[in-house]
């Protein structure tokens, strides 16, 4: 939900009354002329997307009714943020706050997050920070409740690929039984089988691609796979295309999906 703009005391009272018991309402008094006003609201909106219980309203003191209300409430600093819960003011902050400070102001009043949501945030943080062993320890717990979640399934295989546990990656791949993912699953199995195959292909270019893939140098491998497809589409029963699609699923397409489509329809 976006920030709501209010124009009077009556609108503010109505909004406070409409809040549910667990809702946390942030009331911002600020000047729309302030260069930092939008930056402050943007930071609040980011926090709002993380919790359905958080609601934000803005009263522009450039409007006379709002300026009068701010004066009646003895708010002497702009911006001022009031935190409401259960119809009562529970906290207040004056001046500009960064996103972390806003989070510290608001978090104590929000309902506790479900354990699964907290775990997912921890997992996402580990992935973003490249802490792959930590993420690998968390993902089986996440997948326990969502065994057929495509995104978690792909993330699990990707992590095992990055950490070079290809045999386990193949085992996880085999365990996905959603019929809707059959083609994707077959391509990924094909990729993993190629990476597990230690025999040397007579095609040197293909061996170089496999080396890059084993080292998770995917962006380089994608470029090489596109070149390979352009030169030898028939190799290994369209093997390069299928492997490339598996890389797209697991690692992203690096902007190459359209280029593949152009190659296939030439």
222 nm [θ] for the chain, helices only, -39500 (n - 2.57) per DSSP H run of 4+, per residue, to 500?
-> -17500 deg cm²/dmol
Whole-number Å³ per residue for the convex hull built on Cα positions in segment 4-109 | 88
With axes computed from alpha carbons, what is the tilt in degrees of helix 9-18 against the longest principal axis of the chain, rounded to the nearest 10 within 0 to 90?
-> 50
How large is log10 I(q)/I(0) at q = 0.08 Å⁻¹ when the Debye formula is applied to the Cα atoms of the chain, each weighted equally and without solvent?
-> -0.54
Taking all pairs of distinct alpha-carbon atoms in segment 175-266, Kirkwood radius in angstrom | 13.5
Ranked highest first by average number of other Cβ atoms within 10 Å, how do 194-205, 52-63, 251-262 line up?
-> 52-63, 251-262, 194-205
Going by alpha carbons, how many degrees (0 to 90, nearest 10) lie between the helix axis of 218-231 and the longest principal axis of the chain?
-> 50
Consider just the alpha-carbon atoms of segment 55-160 and return their Rg together with their Dmax, both in angstrom.
-> 21.0, 61
Angle in degrees between helix 204-214 and the longest Cα principal axis of the chain, rounded to the nearest 10 | 40
How many percent of DSSP beta bridges within segment 4-109 run antiparallel, rounded to 5?
-> 55
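Read the figures in this text as sums done on the coordinates, not as results from a lab. From a predicted model like this one, the values you see are computed outputs, not experimental measurements. For neighbour counting, all protein chains shown are included, and Cβ atoms are generated from backbone atoms with ideal geometry for every residue, glycine included.
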